[in-house]
Each structure stands twice: as C-alpha cells, then as structure tokens.
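Following: one structure in structure tokens, then a few remarks.
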Amino acid sequence: MPKKETAIGIDIGGTNTIFGFTDREGNILAEECLKTAQYGTAEIFVSALYKKIQAAGEKIKEGVEIKGYGIGAPAGNINKGTIEHAAGLPWKGIVPFARIFHKYTNLPVIITNDANAAAVGEMVYGGAKGMKNFVVITLGTGLGSGFVVDGKLVYGHLGFAGEIGHTAIKPGLSGRVCGCGKKGCLETYVSATGLKRTLLKIMADSIEPSELRKLSFDKIDSKIICNAAKKGDPLATRAFKQTGQILGFKLADVVAHTNPEAIFLFGGLALAKDLILDPARESMEENLLGIYKGKVKLLESLLNTRNAAVLGASSLIWSNEKV
C-alpha cells in the first residue's frame, strides 16, 4: 500500500511553533507544537523541531511520504531561505534557517513570511479560492500581512513585501516602543499584545470598575480580554473598539495600495469575531477613498484558525510543485 503524500507545514511564532502533516486535500494527519522561546539558538531549535517531526510521523498509522517542508516565520525571506531581524523571535540578526534545516533533509525547504504562507493557504484551501486580489492579515503576538495581486503572492525586490505591522500609526518618534526598535508600529496597537497594552492604558486612565482589575499583569491576555468583552465588561469592550478602529484606519491605506476584493483576518485575535470586525469594518469604510466604498469585503478566514498557518505553510510545497 503506497504511503500518503504529505507536506510538513511549520508555523514559527514568537510564543509557539506549530507543525503538522498535511495531505493534498488539506487534511492534517498529525499536529504538535513546541515553545519557540525555549531555544536560544536556531540550531538547537531546528534539532528539537526535526526530532519532534520524526517522532510524530512514526505515529501515523498509514505511513507518510514527506514531499517537503513549508515554513512560515516572521521576517522569513523566500529568496534566501533566511529569517532576518525578526522582532518577535529569540534569534537575532540574519538566520540561515533553510540551510540549517537542510542538515537534516535533502527535501525542499521553503520559508517565507508567516502571513505570506497564510495567504497561500487561504488561496489553496480557504475563502480566497478563485480570488486573484486579496489580503490576509494575521493577528497573533504581532501583526503580519500577505498580499495577492493578479493571482500572485507579492514578495517584492528583497522578499520582504507585506510588513504593514511595522508601518507607523504614530509619526516620528512618538508612540509605543516595538520589538523591531521603532516606535508607533501598527502591531504595537493591533495584535494580541497590542490589545493588552491598550487595555492597561484604558485601566490606568480610568477609575471605571472592571473585573479585569482583579487580575495581575501576567494573568491578563487577549483571550481573557475577549471573554470579558463578550460579558459586557466596559473596559475590555473599549479596548477592542480602539484596536478595531486603528486596524480599519490602516486597512483603508491597504485598499488604496492594492485594490483587493477581500481582506481576511485570522489568528488568535480574529477569534473575537465581531468585537474586532465591526469597528474595523466601520473605520475602514469611513476612511476609504470614495471609489472603494462598499466594495471591499472584510472577512474572518474560512480556515480553521487553530491550524490555518500550518495549512498555509504546507501549501507552499504543493504550490511550488506547480511552478
């Protein structure tokens, strides 16, 4: 009996790295994760990751034939196979990630920006099937973006197109400090960590009662804020509204640049659904140039949010076969 052809999709995040064995139909046969920040060097991380992948593969009863490794990572450069100066990862500078990975395998290793990988996944498996112009915004520890124009993913001259998370909301030297070294970056306001910072600012500037005031700093995260907002907590609700408004303001610029049919949101913060979608949609429409008003859909990803990035990363292997 022939083994099942699979691609390994790897999503490297600032907090966790998730990988999965994915077949051509988008079924994930096995999926596991490890803590990214536990590994001080990329070499140690890749060694641990590869061992976990091998162990997970042995547990799949039908047996698998791995066709390649697709990797989505912050500041991943598909042209060079590198991760370069990623603000949210423990490894600084330019990391030759594909070359390190090739110490363990001769199979294709394709690495790109995590949001670019998600955009490919949305096009292959999700809500962007049949679309030639769309944008994917990833809302996790940081904010990433992937642009598809005329049916092709935009990588740009250096391979780094799609970094709107590090475009400025606040001009000059004002605004929140970002892990990239700049101030006022979009992801410091619109991300899981940005939402928390917004909530804490609201709490500091207000004496309004909230159940969240009983929690310590370390206990508060985006899920807790989301649950509080769903229960009607006024400060949590205000934090989501402000976050959505800033996102929508910036998405109006995105529409002007690429004229997409749709913009998809996915990631942990997108699980809040209307809490962030409604204020973002309202703010985007308010700031759009007249020719675009009412013509751009703002949607939640149709992929399962938990494994969307894994599907996206694995689809890099399948799409590469067609090139």
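Readers should treat all values here as calculations from the given coordinates under stated rules, not as data from a laboratory. For clarity, every value in this text was computed on a predicted model and none was experimentally measured. Note that each Cβ is placed from the backbone with ideal geometry, even for glycine, and that neighbours are counted across all protein chains shown.
Structural remarks
- Per-residue ellipticity at 222 nm from helix content only, as computed over the chain with -39500 (n - 2.57) for each DSSP H run of at least four residues, stands at -11000 deg cm²/dmol.
- When DSSP beta bridges are restricted to pairs lying wholly in the range 131-300, around 55% turn out antiparallel.
- Compared with the dominant Cα axis of the chain, that is its longest principal axis, helix 234-258 is turned about 60°.
- Histogram of C-alpha separations across the range 216-318, 5 Å bin width, %: 2, 12, 19, 19, 18, 14, 10, 4, 1, 0
- Helix 192-204 axis, angle to the chain major axis (alpha carbon atoms, nearest 10°): 20 degrees
- Asn106-Thr15 pseudo-label distance in nm [points 7 Å out on the Cα-to-Cβ vector]: 4.1 nm
- The Cα trace of the range 141-239 gives Rg and Dmax of 16.5, 51 Å, the first to one decimal, the second as a whole number.
- Listed by chain and number, the aspartates and glutamates whose alpha-carbon sits under 18 Å from that of Lys182, ignoring those within fewer than 8 places in the same chain, are Glu84, Glu163.
- For Gly184, the residues whose amide H sits under 5 Å from its own are Arg176, Val177, Cys178, ignoring neighbours fewer than 5 places away on the same chain, with H placed 1.01 Å from N.
- Helix 274-287 and the longest principal axis of the C-alpha atoms of the chain enclose an angle of approximately 70°.
- In sequence order, calculated HN-Hα J values of the range 31-42 (Karplus, 6.51, -1.76, 1.60; Hz; x Gly/Pro): 8, 8, 9, 8, 7, 4, 6, 6, 10, x, 10, 5
- GNM on the chain, alpha-carbon springs under 10 angstrom: the most fluctuating residue among Gly144, Gly267, Gly26 is Gly26.
- Relative contact order [Cα under 8 Å, 6+ residues apart], the range 131-300, whole percent: 23 percent
- DSSP beta bridges in the range 53-175 [antiparallel fraction, %, rounded to 5]: 70 percent
- About its Cα centre, the chain has a charge dipole of approximately 440 debye under the convention of +1 per Lys or Arg Cβ and -1 per Asp or Glu Cβ, with nothing else charged.
- Those aspartates and glutamates that a straight Cα-Cα span of less than 17 Å connects to Lys129, excepting residues fewer than 8 apart in one chain: Glu25, Asp150, Glu261, Glu300
- Each residue of the range 160-175 was assigned a 3J(HN,Hα) from its phi angle through the Karplus curve 6.51 cos²θ - 1.76 cosθ + 1.60 (θ = phi - 60°); the sequence is 10, 4, x, 10, 6, x, 10, 8, 8, 8, 9, x, x, 9, 9, x Hz, with glycine and proline shown as x.
- Contact order normalised by residue count of the chain, Cα under 8 Å, 6+ apart, percent: 19 percent
- If R0 is 51 Å, the Cβ-Cβ spacing of His157 and Ile207 corresponds to a FRET efficiency of close to 0.50.
- Fluctuation leader among Gly146, Gly294, Gly165 - the chain, Gaussian network, Cα springs under 10 angstrom: Gly294
- Residue pairs exceeding 21 angstrom between C-alpha atoms, taken from Lys241/Lys295; Lys4/Lys132; Lys92/Lys196; Lys4/Lys67; Lys170/Lys273: Lys241/Lys295; Lys4/Lys132; Lys92/Lys196; Lys170/Lys273.
- In this label model, Arg197 and Glu32 are separated by 3.5 nm, measuring between points 7 Å along each Cα→Cβ vector.
- Extension reserve of the Lys92-Lys223 stretch, reckoned as 0.36 nm per residue once the Cα distance is removed: 44.3 nm
- Note on the range 131-300: with charges restricted to the Cβ of Lys and Arg (+1) and Asp and Glu (-1), its dipole about the Cα centre is near 260 debye.
- Principal axes of the range 131-300: Cα extent on each, largest first, Å: 50, 34, 25
- Taking Rg and Dmax of the Cα atoms in Å as calculated from this structure, the corresponding entry among (1) 23.5, 101; (2) 20.5, 64; (3) 19.6, 67 is (3).
- GNM top mover of Ile263, Ile137, Ile202 - the chain, alpha-carbon springs below 10 Å: Ile202
- The simple spin-label model puts a point 7 Å past each Cα toward its Cβ; for Ser174 and Ala256 those points are separated by 1.9 nm.
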